[in-house]
Amino acid sequence: MLLNKIDFSPYFDVLGPYYQKTYKEKYESVKDLYFRVLFEGAKTNIIDRFINNDESFYVIGAMRGNKIINYNKHKTLQPGSSVQKYSDFSGDYFVCPINKIGDITAFKNYFLVN
């Protein structure tokens, strides 16, 4: 597993609520679930690629929003980051290391019970 050299946590995270200066001044509301999705290519034209053109993507797991918040780990949005809506503004988002994620079996069980 690829580890961050600063805190030795897994490099990949489950992304949770975020804010971005001048776009979302406060953290967005916490959702029930956040998903870790993998796909090939750049993060552009999401609706066109995955909904209109039925391009493949992979859901590898999910995590409850309140668990991400309670983990209380943050990453900073850097200007020009690929996850930013507006590239000139910084912000912050809650994250949880990918090794804490509920796998796809736990995700399916969540929906079968609820």
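The values are calculated or read from the model by the stated rules, or taken from the named source; none is laboratory data. Source: prediction; values computed, not measured. Counting neighbours? That spans all protein chains shown, and the Cβs are built from the backbone with ideal geometry, glycine included. Side chains are part of the model used for accessible areas, which takes the heavy atoms of the whole protein and leaves out ligands, DNA and RNA. Shrake-Rupley method; radii C 1.70, N 1.55, O 1.52, S 1.80 Å.
Modelled label-to-label distance, residue 44 and residue 22, 7 Å Cα→beta-carbon offset: nm?
Roughly 2.2 nm, to one decimal.
Amide H of residue 61 versus every other amide H placed in the peptide plane: which residues, excluding those fewer than 5 positions away on the same chain, fall under 5 Å?
Result for residue 61 returns 36.
Enter the accessible area per residue of the chain (Å², integer; probe 1.4 Å; all protein chains in place). Present the calculation step by step, with values, prior to reporting the outcome.
Values: 8070 Å² over 114 residues.
Here the per-residue accessible area is 71 Å².
Give the shape of the chain as rounded, prolate or oblate, defined through the alpha-carbon gyration tensor: a ≥ b ≥ c are the square roots of its eigenvalues, a/c under 1.5 means rounded, and otherwise the shape is prolate if a/b is larger than b/c and oblate if not.
Values: a/c = 1.42, a/b = 1.12, b/c = 1.26.
The shape class here is rounded.
Tell me which residues come under 5 Å, amide H to amide H, from residue 31 once H is placed; ignore anything under 5 positions away on its chain.
Those lying under 5 Å, H to H, from residue 31: there are none.
Would you calculate, for the chain, the mean residue ellipticity at 222 nm contributed by helices, counting each DSSP H stretch of 4 or more residues as -39,500 (n - 2.57) and dividing by all residues, to the nearest 500?
Numbers: 2 runs with 17 residues, N = 114.
Rounded to the nearest 500, it is -4000 deg cm²/dmol.
With +1 on each Lys and Arg Cβ and -1 on each Asp and Glu Cβ, and nothing else charged, work out how big the dipole of region 1-79 is about its Cα centre, in Debye to the nearest 20.
Working: 12 positive and 9 negative charges, 82 e Å.
Dipole of region 1-79, to the nearest 20 debye: 400 debye.
On the protein heavy atoms, probe 1.4 angstrom, tell me the percent of accessible surface of the chain carried by carbon and sulfur. Could the numbers behind the result be given before it?
Working: 4360 of 8070 Å².
Carbon and sulfur together cover 54 percent of it.
Enumerate the calculated ³J(HN,Hα) couplings along region 104-110 in order (Karplus 6.51 cos²θ - 1.76 cosθ + 1.60, θ = phi - 60°), each rounded to whole Hz, writing x wherever the residue is Gly or Pro.
Karplus-based 3J(HN,Hα) across region 104-110 equals 5, 5, 4, 4, 5, 4, 4 Hz.
Counting only residues 5 or more places away or on other chains, whose amide H sits under 5 Å from the amide H of residue 90 once H atoms are built in the peptide plane?
21
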